[in-house]
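We did not get these values from a lab; they are worked out from the coordinates using the rules stated. Since the structure is predicted, the reported quantities are computational estimates derived from the model, not experimental observations. FYI the Cβ positions are ideal-geometry reconstructions off the backbone, even for glycines, and counts take in every protein chain you see.
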Amino acid sequence: MKTLAPKPRQIRKEGMQKFALLSVSDKTGLVPFARSLVNDHSFTILSTGGTARLLRDEGISVSDVSDHTGFPEMMDGRVKTLHPKVHGGLLCLRDNADHVKSAQAHDITMIDLVVVNLYPFEETVARKNVSMAEAIEQIDIGGPSMLRSAAKNHRDVTVVCDPADYDRVLAGLENPEGSTGLRRELALKVFKRTATYDKAINEYLEGQIFDEPNMDSISGFPSQLNINSSKSLSLRYGENPHQQAALYGDFLDYFHQLQGKELSYNNILDISSSAYLIGEFERPTVAILKHTNPCGVASADDLETAWDRAFATDKQAPFGGIIVVNNTLDIGLAEKIAEIFCEVIIAPGFTDKALALFQKKKNLRLLVSKSGFGPETLQEIKTVPGGYLMQDRDQKRINPKQYEVVTERQPSEKEMRSMIFGWRVVRHVKSNAIVYTGDERTLGVGAGQMARVDSSQVAVWKAGEANLSLQGSAIASDAFFPFPDGLLAAADAGATAAIQPGGSVRDEEVIAAANDRDMAMVFTNARHFKH
């Protein structure tokens with residue numbers, strides 16, 4: 001069988017006029033780029049509006065798109081590039097005889113380069129008190145159309161949507177036959193940009209609709225979830241070495257790594273949990289976490305005292321764990337932490353002496369937290385087979401005034417402080433969660449057991465291992481006690497106060513058990529399951 005060689009693609013003939021269409025909102029770097037296109041690469045520039053005026057003011061020769069198409073701009077510039085002489089010049093396949101014949105029949109000139117960035121819609125809607133009419137006018141139509149046409153035909157057309165790529169494009173023009181990979185990369189960048197742009201428009205308009213009366217917003221969640229996030233970091237592996245992993249989005253905008261190995265998948269999960277937990281506290285606080293669970297938390301007048309109390313909760317679990325503080329970490333605390341092995345230390349700042357000490361441990365990851373994660377921040381998304389789950393984070397502000405004392409005995413001031421402290425911690429512990437606390441410190445933590453009473457027993461056992469007395473302690477439970485047994489076990493361990501959501505069909509039995517043991521108990525009417 002005779003094999004036919006592939007038909008060679010037509011290459012632009014020597015001396016044939018080259019056209020570049022430039023129409024940008026962000027004019028950063030445009031003038032030197034356009035000047036090089038004309039002077040060094042013999043392009044004829046087509047342009048519109050403010051872009052054309054700027055280039056002419058700089059002495060660069062420009063042809064108006066309206067002259068090129070033979071059709072004037074109209075409707076306040078809404079219609080100017082939406083024309084067959086523009087899109088035909090972009091979409092025409094140069095090696096397709098029928099395409100070329102159609103172009104010649106309708107006097108369509110090939111356009112080889114498109115430089116477009118879009119109306120600043122995102123910046124506009126980010127302003128306070130912007131009207132919907134103002135926002136609508138910043139929805140670009142011609143720009144995305146040209147970008148998509150050029151990107152679709154990137155084998156013949158170079159498309160640029162980001163001024164940061166101007167130098168790369170000029171370098172690629174020196175070797176047109178070797179720039180196929182660059183054109184493909186730039187086309188991908190265009191489709192990412194237009195997807196992000198459309199997503200921003202969708203979210204804004206959906207928000208406006210939900211603000212209208214008589215509209216059911218389903219608690220403000222979008223009717224359509226669009227996830228478009230760029231990869232920010234390739235990770236060595238996931239939770240285990242046989243799992244591949246990567247980080248997407250703006251996580252690294254919230255933290256600055258000063259030293260140490262690159263972050264791992266597990267590090268990022270732990271860091272996130274640490275940041276949300278430390279955001280609960282205003283007093284100097286130290287939290288130690290392992291596998292996203294707090295294993296020691298304490299507040300005090302200074303971080304060193306807080307460390308002593310947090311570390312005393314469990315001196316084994318912090319090995320290889322995460323340490324987070326909410327004040328500048330100084331040399332006194334640094335010397336204490338340096339005595340153990342940990343993976344990551346997070347603080348809003350480090351003194352020079354503390355940094356000098358930690359720098360002796362080259363693999364230790366030090367992170368500066370750029371912004372706090374206080375209550376009522378962010379939403380969270382989890383993947384499930386075939387879809388996503390989305391919810392508000394469990395960061396509702398704690399307001400003791402809304403809580404109800406349900407026992408005959410009122411809690412003392414110290415007991416109340418202990419309960420509120422435990423309530424701040426317990427919602428960051430995996431369910432079933434039980435936390436025993438003293439005055440602004442953890443004494444025992446039980447996490448992730450199948451039965452609540454088992455979590456309580458684990459917490460009691462951990463306190464015993466640490467030689468910490470639970471006499472006079474408070475117990476915090478992330479969900480209600482379904483039976484009195486869990487509360488009675490806490491009383492047997494020495495707890496004198498309990499804080500829990502309430503809501504069990506046996507609440508009266510649990511309250512009666514508390515009264516029998518002269519315990520004070522508070523219902524919060526808010527559950528804190530964490531799966």
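Would you mind checking the radius of gyration and Dmax of the chain based on alpha-carbon positions, in Å?
Every Cα atom of the chain included, Rg and Dmax give 31.7, 99 Å.
Would you compute, from DSSP H runs of 4+ residues alone, the mean residue ellipticity of the chain at 222 nm, taking -39500 (n - 2.57) per run and dividing by the full residue count, rounded to the nearest 500?
Details: 18 runs with 191 residues, N = 531.
For the chain, the value works out to -11000 deg cm²/dmol.
Which of the peptides 259-267, 389-397 is most tightly packed, and how do the rest follow, going by the mean number of other Cβ atoms within 10 Å of each residue? The partial results should precede the final answer.
Numbers: 259-267: 17.2, 389-397: 12.7.
So the order, starting with the most tightly packed, is 259-267, 389-397.
Using alpha carbons only, how many degrees (0 to 90, rounded to 10) separate the axis of helix 413-426 from the longest principal axis of the chain?
For 413-426 against the chain, the angle is about 40 degrees.
Please compute the contact order of the range 227-336 in relative form: average sequence separation of alpha-carbon pairs under 8 Å and at least six residues apart, divided by the residue count, as a percent.
Working: 171 pairs, mean separation 21.6, N = 110.
Here the relative contact order equals 20 percent.
So for the pair residue 185, residue 465, with labels modelled 7 Å out along Cα→Cβ, what separation do we get in nm?
The two pseudo-label positions are separated by 5.1 nm.
Against the longest principal axis of the chain, how steep is helix 142-152, in degrees 0 to 90 to the nearest 10, with axes from Cα atoms?
Between helix and principal axis, roughly 80 degrees.
Under the definition of Cα pairs under 8 Å and six or more residues apart, what whole-number percent is the relative contact order of the chain? Please report the intermediate quantities before stating the final value.
Values: 986 pairs, mean separation 43.1, N = 531.
The value is 8 percent.
Quick one: dipole size for the range 257-369, taken about the Cα centre, charges +1 on Lys/Arg Cβ and -1 on Asp/Glu Cβ, in debye to the nearest 20.
Details: 11 positive and 14 negative charges, 84 e Å.
With Lys and Arg at +1 and Asp and Glu at -1, about 400 debye.
Where a ≥ b ≥ c are the square roots of the eigenvalues of the C-alpha gyration tensor, would you call the range 400-523 rounded, which needs a/c under 1.5, or, failing that, prolate if a/b is larger than b/c, or oblate? Provide the component values of the computation, followed by the final result.
Working: a/c = 1.36, a/b = 1.18, b/c = 1.15.
Taking the square roots of the gyration eigenvalues as a ≥ b ≥ c, the range 400-523 is rounded.
With a 10 Å radius around each residue's Cβ, average the other Cβ atoms per peptide and rank 49-58, 421-430, 338-347, 322-331, highest first.
Values: 49-58: 15.4, 421-430: 25.4, 338-347: 19.1, 322-331: 22.2.
Packing proxy ranking, top to bottom: 421-430, 322-331, 338-347, 49-58.
Could you name the aspartates and glutamates whose alpha carbon sits less than 12 Å from that of residue 430, not counting residues in the same chain fewer than 8 places away?
Result set, ordered by chain and number: 478.
Determine the alpha carbon to alpha carbon distance for each of 192/530; 261/396; 290/396; 152/231 and list only those over 27 Å. Could the numbers behind the result be given before it?
Details: 192/530 34 Å; 261/396 35 Å; 290/396 24 Å; 152/231 23 Å.
Over 27 Å apart, Cα to Cα: 192/530; 261/396.
Going by how many other Cβ atoms sit within 10 Å of their own, how do 233, 118, 21 line up, fewest first?
233, 118, 21
Calculate the dipole size of the chain relative to its Cα centre from +1 charges on Lys and Arg beta carbons and -1 charges on Asp and Glu beta carbons; express the result in debye to the nearest 20.
Details: 59 positive and 68 negative charges, 398 e Å.
With only Lys, Arg, Asp and Glu charged at Cβ, the dipole is about 1920 debye.
Suppose we keep just the DSSP beta bridges with both residues in the chain; what percent of those would be antiparallel, to 5? List each step's numbers first, then the result.
Details: 37 of 69 bridges.
The antiparallel fraction comes to roughly 55 percent.
Quick check on packing: order 237-248, 158-169 by the mean number of other C-beta atoms within 10 Å, highest mean leading.
On the way: 237-248: 11.4, 158-169: 19.2.
Averaged packing, sorted descending, gives the order 158-169, 237-248.
Grab the other residues whose beta carbon is less than 13 angstrom from that of residue 499, score K and R as +1, D and E as -1, and report the net.
Details: positive: 417, 424, 427, 527; negative: 404, 415, 478.
My count for the surroundings of residue 499 gives +1.
Given 0.36 nm per residue, what is the gain on full extension from residue 401 to residue 225 after removing their alpha carbon distance, in nm? Don't jump to the answer; show the numbers that get you there.
Working: separation 176, 0.36 × 176 = 63.36 nm, distance 3.68 nm.
Length difference between fully extended and current span is 59.7 nm.
Taking loop as defined by DSSP and a crowding limit of 12 other beta carbons within 10 Å, which trypsin sites (Lys or Arg not before Pro) in the range 82-131 fit? List each step's numbers first, then the result.
Details: sites: 85, 94, 101, 127, 128; in loops: 94, 127, 128.
Here the sparse-neighbourhood loop sites are 127, 128.
How would the range 325-431 be classified by its alpha-carbon gyration tensor: rounded, prolate or oblate, with rounded meaning a/c under 1.5 and the a/b versus b/c comparison settling the rest?
Working: a/c = 2.66, a/b = 1.38, b/c = 1.93.
Oblate shape, in that a/c is at least 1.5 and b/c is the bigger or equal ratio.
Using the Cα gyration tensor of the range 414-478, with a ≥ b ≥ c the square roots of its eigenvalues, what is the shape: rounded (a/c below 1.5), prolate (a/b larger than b/c) or oblate (neither)?
On the way: a/c = 2.10, a/b = 1.19, b/c = 1.76.
It is oblate, given that a/c is not under 1.5 and a/b is not larger than b/c.
Out of the trypsin sites (Lys or Arg not before Pro) in the range 294-365, which ones are loop residues according to DSSP with at most 11 other C-beta atoms within 10 Å?
Working: sites: 309, 315, 336, 353, 360, 361, 362, 365; in loops: 315, 360, 361, 362.
Answer by residue number: 360, 362.
Can you tell me the 0 to 90 degree angle between the C-alpha axis of helix 30-39 and the longest principal axis of the chain, rounded to 10?
Tilt relative to the chain: about 30 degrees.
Would you list which aspartates and glutamates come within 12 Å of residue 361, measuring only between C-alpha atoms, while excluding same-chain residues fewer than 8 positions from it?
339, 343
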